[in-house]
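The values are calculated or read from the model by the stated rules, or taken from the named source; none is laboratory data. This one's a predicted model, so the numbers in the text were calculated from it and none came from an experiment. All Cβ positions, even for glycine, are placed from backbone atoms using ideal geometry, and neighbour counts span all protein chains on display. Please note that ligands, DNA and RNA were not included when accessible areas were found on the heavy atoms of the full protein model with its side chains. Shrake-Rupley method; radii C 1.70, N 1.55, O 1.52, S 1.80 Å.
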Amino acid sequence: MRADTATRPGTGLRRVLIVLCTTEIISWGVLYYAFPVLLPTISSQTGWSLAAITAGFSGSQIVAGLVGIPVGRLLDRHGPRAIMTTGSVVAVLALVALASARSLALFTAAWLVAGVAMAGIFYAPAFAALTRWYGPRRVSALTALTLVAGLASTVFAPLTAVLNTAVDWRGTYLVLAGFLAVTTIPLHLWGLRLPWPAIEHETAHTPSAVARSRPFLVLVVAMSLAAFSVYAVVINLVPLLTGRGMTTSAAAVALGLGGLGQVAGRLGYARLAARTSVRTRTLLVLLVSAVVTALLGVVPGPALLLIAGSVLAGVARGIFTLVQATAITDRWGSVHYGQLNGVLTAPVMLTAAVAPWAGSALAAWLGGYPAVFVVLGVIGVLAAALSTASVPR
């Protein structure tokens, strides 16, 4: 099948986009955003420490990044249907194992299995599917996907809280497992039936040669540093704001408004991509994120100014997701997107998994969160500077 056949407008492409929007918001909501809501209850009912429980969850992110590398190769060859359907099945089994775990070791092991599922159903395979099927129109499809999936916390955090009140954390995970099973498994199996296009080679370079090249290695380092800065900000923003004198509820509102900024940033990405080169927009997005982060650490108030900073940080965070999603195709085309994106995503997920803990550790070491945000801003500036050398000639 020719590459351009699958990129023609039609019900098949619309079905794919609708299916992936639906399954991504459910998958992220169930596997990721339910956890922080259930964390205090899990600790109080089991006696396990918050740190030990969180370590299992962080382990799932690391496993997802590592497993994503071979998953990327399979995506390039066979497409997303079997991978994402299998990932949904594994996710259901992992959630049942979480709900049934009577020891911390079994609980942690279940999270590691969940990490395998994440590699098959989170953003990376969905990005690969839309990149290949939508071709030149991929930016609009990726934007739509991230806009919808960005609402996962909005939908599933309160839903999880209600379930937890009704049936405790074990029952909640069982209910969520059943919901994931009856929605994402049939949707992936039925909705991703488009033939996988065999695209002619767009580059003479093999994926291994690209992965060893200087621009790619620089890109990996830049994106990993940027992810560390961006995701440490998300988790540590509330402690920073409460330390500035804001109430916990006001700080939570600021964090929520940052989520709205994230959506707004993604809405404007297509226009930004059309008007800038890949080097310019990557530098611009990473630099703005770094400057806003540093300013949050320096500016003591008033509260409205800090809230505005949170919104701007959300805008930069939202655009960063799409900069990362298009980083491979903008530089090396879409032929080996799955494999190369898997290699890029692994260290990015590792730094994102470490960032929440590292932010808290830095706060204890540096004597407070303002200094942490300044350090994160400096790390972001370094990432922005490195990104300028990540574009091949």
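The residues of segment 280-330 that are under 21 Å from the mean Cα position of the chain (by Cα) and over 20 Å from GLN262 (Cα atoms), listed by number, are ILE328, THR329, ASP330. Restricting segment 37-58 to residues that are free of Cβ contacts under 8 Å to residues at least 60 places away in the same chain and within 21 Å of ALA119 (Cβ to Cβ), which is most open to solvent (accessible area, probe 1.4 Å)? The selected residue is ALA55.
Scanning segment 328-342 for residues that are within 13 Å of ALA211 (Cβ to Cβ) and assigned to a helix (DSSP H, G or I) yields ILE328, ARG331, TRP332, TYR337, GLY338, GLN339, LEU340, ASN341, GLY342. The set of residues in segment 234-261 being surrounded by fewer than 21 Cβ atoms within 10 Å (Cβ to Cβ) and closer than 22 Å to LEU366 by Cα consists of VAL234, ILE235, VAL238, PRO239, THR242, GLY243, ARG244, GLY245, MET246.
Where in segment 138-221 are the helices (runs of 4 or more DSSP H), entirely inside, with at least 2 residues that are in contact with a helix residue (DSSP H, G or I) (Cβ under 9 Å, 6 or more places away or on another chain) and without any contact (Cβ under 8 Å) to a residue 24 or more places away in the chain? Outline the logic, then answer.
On the way: elements: 138-149, 152-191, 207-212.
Result: 152-191.
As for segment 320-331, it holds at least one residue that is open to solvent by less than 20 Å² (accessible area, probe 1.4 Å), small (Gly, Ala, Ser) and modelled with pLDDT under 85. For segment 243-261, taking the residues that are at pLDDT 80 or above and in a helix (DSSP H, G or I), the one that is farthest from ALA384 (Cα to Cα) is identified as GLY243.
Taken as a whole, the structure leaves GLY256 outside the set of residues that are in contact with a helix residue (DSSP H, G or I) (Cβ under 6 Å, 6 or more places away or on another chain) and of a type in the set (Gly, Ala, Ser).
Among the residues of segment 262-279, are any at pLDDT below 85, surrounded by 15 or more Cβ atoms within 10 Å (Cβ to Cβ) and over 21 Å from the mean Cα position of the chain (by Cα)? Looking through segment 262-279, none of the residues is at pLDDT below 85, surrounded by 15 or more Cβ atoms within 10 Å (Cβ to Cβ) and over 21 Å from the mean Cα position of the chain (by Cα). Considering segment 216-229, the residues that are closer than 21 Å to SER310 by Cα and open to solvent by 10 Å² or more (accessible area, probe 1.4 Å) include one that is modelled with the lowest pLDDT, namely PHE228.
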